[in-house]
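Down below is the structure, laid out as structure tokens.
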Amino acid sequence: MLNIYPVVLEFIGSIRPLLAQIERRDRDLGRQLRRAASSVALNLGEGMYSRGELKTARYHTALGSMRESWSCLEVAQAFGYVRAFDATLGAQMNQIIGTLVRLVEGKR
């Protein structure tokens with residue numbers, strides 16, 4: 001298992017309160033965030049046990065979904081649904097994105 005996988009699960013747990021706030025104000029944006037965050041974990045999990053181009057494709061999809069998750073949080077903040085997220089959450093997202101970029105580029 002990749003060391004980043006537990007960090008992704010921790011990230012999902014960290015956004016649960018924000019997700020609840022977003023869903024109260026904008027159900028569609030909340031659903032999109034929930035799907036994107038789930039996609040990060042699911043594609044990472046699938047990629048860990050894939051090979052070749054399929055492995056890279058799964059990691060690339062996870063990377064796109066992580067960036068989408070971050071964008072959902074930024075949009076929610078811009079609409080005033082949530083306050084600015086804390087530095088710890090930002091650090092988690094940066095760590096996940098950085099690791100996924102290295103995986104996509106083939107640099108573990």
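Read-outs: derived from the displayed coordinates by stated rules, not from any lab. Small disclaimer: the values here were computed from a predicted structure and weren't measured. Virtual Cβ from ideal backbone geometry, glycine too; neighbours counted across all protein chains shown.
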Magnitude of the charge dipole, the chain, Cβ model with Lys/Arg +1 and Asp/Glu -1, debye to 20: 140
For a test of the definition: using alpha carbon positions, the gyration tensor, and the 1.5 limit on a/c, classify the range 67-108 as rounded, prolate or oblate. oblate
Counting C-alpha atoms alone, how compact is the chain: give Rg to one decimal and Dmax as a whole number, in angstrom. 13.8, 43
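Order these by the 10 Å Cβ neighbour count, fewest first: 79, 85.
Working: 79 12, 85 18.
Exposure proxy ranking, most exposed first: 79, 85.
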Please list, in order along the range 38-46, the HN-Hα scalar couplings obtained from phi with the Karplus expression 6.51 cos²θ - 1.76 cosθ + 1.60 (θ = phi - 60°), rounded to whole Hz, x for Gly and Pro. 4, 4, 4, 5, 5, 6, 5, x, 5
When the chain is modelled as a GNM with alpha-carbon springs shorter than 10 Å, which of 31, 51, 67 fluctuates the most? 51
Along the positive direction of the dipole of the chain (beta-carbon charges: Lys, Arg +1; Asp, Glu -1; about the Cα centre), which of 81, 37, 47 reaches farthest? 47
Comparing 59, 81, 49, which has the greatest mean-square fluctuation in the GNM of the chain with Cα pairs linked when under 10 Å apart? 49
GNM result for the chain, Cα springs below 10 Å: residue of 54, 19, 33 fluctuating most strongly: 54
Step through the residues of the range 77-92 one at a time and calculate ³J(HN,Hα) from phi using the Karplus curve (6.51 cos²θ - 1.76 cosθ + 1.60, θ = phi - 60°), rounding each to whole Hz and writing x for Gly and Pro. 5, 4, 7, x, 6, 9, 7, 4, 7, 6, 4, 5, 5, x, 5, 4
